[in-house]
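Take a look at the structure set out below.
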Amino acid sequence: MNTLNLSCYLVAAILIILALRGLSSPVTSRRGNYFGMLGMAIAIITTFVMNQAFVFWLIGVAIILGGLIGLIVAKKVHMTKMPELVALMHSFVGLAAMLIAFASIFNLSNEHSTTQRVELFLGSFIGAITFTASLVAFGKLSGKFASKTIIFKGQHLLNLVIFVAMLIFGMIFFVYESHVAFILMNCCALILGITLIVPIGGADMPVVVSMLNSYSGWAAAGIGFTLNNSVLIIAGACVGSSGAILSYIMCKSMNRSIVSVLLGGFGSEVVQDDLGAEKKSHKTGSAADVAYLMSSSDNIIIIPGYGLAVARAQHALQELTHKLIEKNINVRYAIHPVAGRMPGHMNVLLAEADVPYDQVFEMDDINNDFSETDLVFVIGANDVINPAAKKPGSAIFGMPILEAQKAKTIIINKRTMGVGYAGLDNELFYDDKTMMFLGDAKVCVEDLIKAIDDL
């Protein structure tokens with residue numbers, strides 16, 4: 001590799017690092033995407049120039065087909081379908097890492113050093129786990145099969161046995177470079193990817209998606225060593241570490257253990273609430289009632305959740321916000337770190353509706369303001385405002401929540417009085433200062449806009 005190629009790879013790596021930095025904030029996310037695309041384009045062109053042994057027409061066909069599929073899917077996918085799309089993309093990264101390792105192993109002209117065998121072992125089994133785990137996550141998020149936890153006796157023991165078998169086959173491959181051992185190692189990894197994710201329920205899927213993002217990065221980095229490709233190593237390591245850090249932050253926000261995430265089956269202790277134990281009463285209101293309360297308020301905080309995404313009500317909600325601001329009402333949005341079904345889901349949803357970034361606040365920045373807020377409007381959220389998180393023994397005990405219960409008036413828009421992902425009833429629904437505004441989020445907000453216009 002000559003100096004020019006190394007310099008181009010260095011520029012590409014810097015651009016990819018800048019891309020990750022840009023994606024850390026909605027304000028700079030577009031710029032981050034541009035940096036990432038430019039960096040990847042430089043890396044691809046440099047790789048083509050370096051090696052004249054490539055079958056260029058075949059690679060060109062693959063790039064064009066893949067690009068067209070990606071473009072079509074990106075144009076058609078709704079924001080509510082973004083989590084499962086991200087999980088599916090992670091599976092492709094894992095599969096690519098595994099296939100590259102197989103290609104290197106079964107290329108009879110290749111002789112692998114001790115270090116390369118370790119790299120092939122790590123990159124391949126991480127890729128295999130990422131592939132099947134991401135497919136299971138995709139299935140749970142898309143509703144292809146049940147999103148609830150699937151628990152059976154001896155589950156963790158089975159995972160341990162499969163993991164030990166994978167290590168044993170990996171060591172046999174390392175010592176003897178046995179192709180059979182390498183295949184069996186990957187078969188164990190593929191099964192392990194399934195058994196690790198199956199026990200995890202829908203409530204914990206945001207952390208799973210983030211962790212799989214980390215896995216895909218480490219798989220790419222491991223294969224980068226095998227291919228002696230510095231950009232792949234740097235980009236994979238950046239994605240892997242950033243995904244792991246984000247997973248840790250989200251685990252902290254959900255009161256989960258990062259070790260439990262890595263081992264699989266975390267969240268399996270979540271139990272369903274006994275909703276039949278006591279019949280509770282709640283207040284419901286019409287669009288006119290909610291419009292009157294909002295118009296009489298000076299400060300309003302809106303808390304969006306996954307129900308907003310399902311109903312695709314973000315544009316109507318933004319129109320409602322404009323109406324309220326025109327009445328000199330201070331309106332802000334409060335975002336919980338795990339609202340929605342993937343990290344940053346609500347931020348992206350609001351950005352799609354052109355909500356100004358200075359109106360959107362993270363949980364830690366706005367929680368102290370609820371006690372001085374006239375009205376909180378919760379739309380499609382549940383567990384992230386559930387006071388049960390403060391009660392020892394609760395399935396979500398210790399999970400930080402948005403302190404909506406401290407506001408003077410609380411309006412909660414949901415389709416029904418049903419429980420959230422954690423399977424717990426929410427005592428806030430029955431509070432004296434809470435009014436339930438039941439129905440489809442988009443329809444309710446549109447009715448609310450008309451009611452405000454009629455005041």
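What the table shows:
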| read-out | value |
| --- | --- |
| Members of the stretch 346-360 that are open to solvent by less than 80 Å² (accessible area, probe 1.4 Å) and in a loop (DSSP other than H, G, I, E, B) | Ala353, Val355, Pro356 |
| Looking only at the stretch 1-37, and only at residues there that are modelled with pLDDT of 90 or more and open to solvent by 90 Å² or more (accessible area, probe 1.4 Å), the one that is farthest from Asn229 (Cα to Cα) | Arg31 |
| Selection from the stretch 395-418 of residues that are touching a residue at least 60 places away in the same chain (Cβ under 8 Å) and buried (at least 17 other Cβ atoms within 10 Å of the Cβ) | Ala395, Ile396, Met399, Pro400, Ile401, Leu402, Ala404, Ala407, Thr409, Ile411, Asn413, Lys414 |
| Test for Thr47: is it in contact with a Phe, Trp or Tyr (Cβ under 9 Å, 6 or more places away or on another chain) and open to solvent by 70 Å² or more (accessible area, probe 1.4 Å) | no |
| Those residues of the stretch 228-247 which are farther than 18 Å from Arg21 by Cα and in a helix (DSSP H, G or I), in sequence order | Ser230 |
| Which listed residue is at pLDDT 85 or above, within 14 Å of Ser178 (Cα to Cα) and out of contact with any Lys or Arg (no Cβ under 9 Å at 6 or more places or on another chain), from Phe102, Phe106 | Phe102 |
| Residues located in the stretch 433-442, provided they are free of Cβ contacts under 8 Å to residues at least 60 places away in the same chain and of a type in the set (D, E, K, R) | Lys433 |
| Which listed residue is part of a helix (DSSP H, G or I), free of Cβ contacts under 8 Å to residues at least 24 places away in the same chain and more than 25 Å from Tyr306 (Cβ to Cβ), from Leu38, Leu6 | Leu38 |
| Residue satisfying all of: in the stretch 361-388; closer than 14 Å to His336 by Cβ and acidic (Asp, Glu); least open to solvent (accessible area, probe 1.4 Å) among these | Asp383 |
| Phe225 in a helix (DSSP H, G or I), aromatic (Phe, Trp, Tyr), open to solvent by 10 Å² or more (accessible area, probe 1.4 Å) and in contact with a Ser or Thr (Cβ under 8 Å, 6 or more places away or on another chain) | yes |
| Residue check, Ala97 surrounded by 13 or more Cβ atoms within 10 Å (Cβ to Cβ), closer than 20 Å to Ala237 by Cβ and touching a Gly at 6+ places or on another chain (Cβ under 9 Å) | yes |
| Flag for Cys251 being surrounded by fewer than 21 Cβ atoms within 10 Å (Cβ to Cβ) and either touching a residue at least 24 places away in the same chain (Cβ under 8 Å) or of a type in the set (D, E, K, R) (or both) | no |
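Residue-by-condition table, conditions (1) basic (Lys, Arg); (2) at pLDDT 85 or above; (3) open to solvent by 10 Å² or more (accessible area, probe 1.4 Å):
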residue: Gly264; (1), (2), (3): no, no, no
residue: Glu269; (1), (2), (3): no, no, yes
residue: Ser286; (1), (2), (3): no, yes, yes
residue: Leu324; (1), (2), (3): no, yes, no
residue: Ala334; (1), (2), (3): no, yes, no
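The values are calculated or read from the model by the stated rules, or taken from the named source; none is laboratory data. From a predicted model like this one, the values you see are computed outputs, not experimental measurements. Glycine also receives a Cβ, built like all others from the backbone with ideal geometry; neighbour counts cover every protein chain displayed. Accessible surface is based on the protein model in full, side chains and every heavy atom, while ligands, DNA and RNA are left aside. Shrake-Rupley method; radii C 1.70, N 1.55, O 1.52, S 1.80 Å.
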